[in-house]
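First up is the structure itself, then whatever we jot down about it.
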Amino acid sequence: MVAFGIFGIDQLKVFDHFIIHLYVLYGKAVRGLHSLIARFRLICYGAKVGKHLSVRGWINLHISPSASVVIGNNVLIKSGFPDNPVGGSLRTGIWAERGARLTIGNDTGLANVTIVCSKSISVGENTFIGGGTVIYDTDFHSLDSAVRVRGNDDHVRASPINIGNECWIGGHCIILKGVTVGNQAIVGAGSVVTKDIPPGQIWAGNPAKFIKELKGESE
Ligand SMILES: CC(C)(COP(=O)(O)OP(=O)(O)OC[C@H]1O[C@@H](n2cnc3c(N)ncnc32)[C@H](O)[C@@H]1OP(=O)(O)O)[C@@H](O)C(=O)NCCC(=O)NCCS
């Protein structure tokens, strides 16, 4: 049977498979290129990057020469709408100021996440951080208006953030200075985390509050 001009159904199926393979190969090549470029740029900024960093999309970087940025093995970073629709058209961005220390543990994933590290931020292993989430360990401005309006914000309050292993931070969260998120904790979408979250609990809301204990959840 003739399906399309001189080509039969079987020939069109072969052609379709060929196009699909080509598309998959193209996707892999683009991802490989993004990962290589990101690794190169991070190393140029003085970051230590572990094995198998996988980056999808273009990441924004601002890393001071005196900052320490350490990225573990098998870290996955998605950046931009085509690679993660959660977070809209935001890209993943890493901003590390003078003397700041940022560590991202092995097997952790960031999707359209902004991290601003003025002092110290650590993210553990196997932790997922959802689209549009922002993490900053500084207030950026002084509470004292006289200092604030002069723009002399050298003594702004800043305090380390520690996010544990196997955590899941939902989309569009804000993690504020001085907070510890315990291992395996979950933060609901759109939460503002202002206080420590103990391990193995779900917290959500603005400000984030205890929702429930996770006891052997299977899903
Ligand atoms: C955190 C989450 C996984 C919990 O799901 P769940 O266990 O099914 O929770 P429930 O829907 O049973 O909600 C339990 C309670 O928490 C509240 N709650 C759940 N998520 C909330 C949120 N993000 N903000 C505020 N309150 C929330 C519910 O209103 C409910 O309150 P109630 O007991 O007073 O009725 C889910 O709510 C969530 O945020 N999912 C989105 C994850 C996400 O962002 N994914 C994309 C990026 S990776």
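In terms of surrounding Cβ atoms within a 10 Å radius of their Cβ, V156, V123 rank from fewest to most as V156, V123. Near H62, once Lys and Arg are set to +1 and Asp and Glu to -1 for all other residues with Cβ below 12 Å from its Cβ, the sum equals +1. Any chance you could give the angle, 0 to 90 degrees and rounded to 10, that helix 9-44 forms with the longest Cα principal axis of the chain? Once rounded, the angle reads 30 degrees. Computed over neighbours whose Cβ is under 15 Å from that of L90, the net charge equals +2, Lys and Arg +1, Asp and Glu -1. Backbone phi angles across the stretch 156-172, fed through the Karplus curve with coefficients 6.51, -1.76 and 1.60 (θ = phi - 60°), yield HN-Hα couplings of 5, 5, 9, 7, x, 10, 10, 10, x, 8, 6, 8, 9, 9, x, x, 6 Hz in residue order; Gly and Pro are listed as x.
Between beta-carbons, use under 15 Å as the cut-off and find the net charge around R31, counting Lys and Arg +1, Asp and Glu -1. Around R31, the surrounding residues sum to +3.
Between H52 and I20, the simple spin-label model (points 7 angstrom out along Cα→Cβ) gives 2.6 nm. With neighbour counts taken as other beta-carbon atoms within 10 Å, the residues I202, I186, I211, I94 rank, fewest first, as I211, I202, I186, I94.
Both radii come from the Cα set of the chain: Rg as radius of gyration, Rh as Kirkwood radius; their ratio Rg/Rh reads 1.12. Using a 7 Å offset from Cα along Cα-Cβ at V70, what residues in the stretch 156-182 end up with backbone N under 18 Å from the label point? Those under the cut-off are 160-166. Computed per residue of the chain from DSSP H runs no shorter than four, each worth -39500 (n - 2.57), the mean residue ellipticity at 222 nm is -6500 deg cm²/dmol. Take every Cα pair under 8 Å whose residues are at least 6 apart in sequence, average their separation, divide by the length of the stretch 8-210, and the relative contact order is 12 percent.
Shown for V134, V69, V187: other C-beta atoms within 10 Å of each C-beta, ranked fewest to most, produce the order V134, V69, V187.
Every number in this text was worked out from the coordinates using simple rules, so none of it is lab data. None of the values given here were measured: they were computed from a predicted structure. Because the Cβ atoms are built from the backbone with ideal geometry, glycine has one as well, and the counts that use them run over all protein chains shown.
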